[in-house]
1. Using Cα-Cα distances under 8 Å and only pairs 6 or more residues apart, what relative contact order does region 1-159 have, in percent?
2. Rounded to whole Å and ordered largest first, report the semi-axes of the equivalent ellipsoid of region 203-255 derived from its Cα gyration tensor (root of 5λ).
3. If you bin the C-alpha pair distances of region 6-150 every 10 Å from 0, what whole percents do you get?
4. When the distances between all Cα atoms of the chain are binned every 20 Å from zero, what whole-number percent does each bin get?
5. Tell me, what is the FRET efficiency for residue 279 and residue 305 to the nearest 0.05, using R0 = 25 angstrom and their Cβ-Cβ distance as r?
6. Once you have the Cα-Cα distance between residue 34 and residue 130, take 0.36 nm times their residue separation minus that, and quote the gain in nm to one decimal.
7. Using only the alpha-carbon atoms, how far is helix 26-35 inclined from the longest principal axis of the chain? Give it as 0 to 90 degrees, nearest 10.
8. Which of 286, 168, 91 ends up with the largest GNM mean-square fluctuation for the chain, with Cα atoms connected below 10 Å?
């Protein structure tokens, strides 16, 4: 999607994504089954609640971004990646005579062959790389950017039936249970304190998970604790971990009015097709973030507007 303001759709894709599956005619359903064979029941159920916003035969960049960030099980079927090189296009299972576009699903399905080809191209000296080498490396880079974007505002790898807030609740519950167990152990004098093994494993897995988010998260979405323009913002992983890591130096993003809680609420409202609830969460987020722009984010926003 880089350097593109919109995604163009075929006639069949317009029907598939812009109409509820229950309104498809038999002829339309047949064409969709042929041209979009990977559009599964999970995506169809989501489209029944809310269709993708399409203007004419195009999806605007902002609507595409919302789908990627909050409804990845639908976004993975959109024709996101433009691949001009015919050989690289075949890596994702597409016929160069019919299309130049591939979806995230196409990339994931062929990720092993893409990774191997990209590794071979990386080993070729830059001066000796041909058009195919450059195209496969571009595709790999775009795939990484897509994956990071899908994990920016919520844990985007969750199954569609699990709301993001449910994971946050499990995280806070585990922390609370661990703290309570430590308090109980502190009141005993029976040698080394005992700690529930299952709880310990759950916490370990969650902490490792959020550390990965913190390491890979390129976009910072949670403002600093004060209105200091130089205060650093947190990405998703750091914001979640801040509950136990220097909480006084970070905003409580998981509180009932916290930004992560609001992003999770927006996600659920978007998936449910509740536009009013979406608007309420967006207004609250805008208000909470107003006046805390850092020099860097202010500059990036200005550059984006100019671009």
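1. 21 percent
2. 19, 13, 7
3. Spelled out per bin, shortest first, that is 11, 40, 33, 13, 4, 0.
4. Here the calculated profile for the chain is 27, 52, 19, 2.
5. Once rounded, the FRET efficiency stands at 0.65.
6. 31.1 nm
7. Long axis of 26-35 versus the principal axis of the chain: about 80 degrees.
8. In the Gaussian network model the winner is 286.
No lab work stands behind these numbers, since they all come straight from the coordinates. The model shown is predicted, which means the values in this text are computed figures rather than measured ones. Note that each Cβ is placed from the backbone with ideal geometry, even for glycine, and that neighbours are counted across all protein chains shown.
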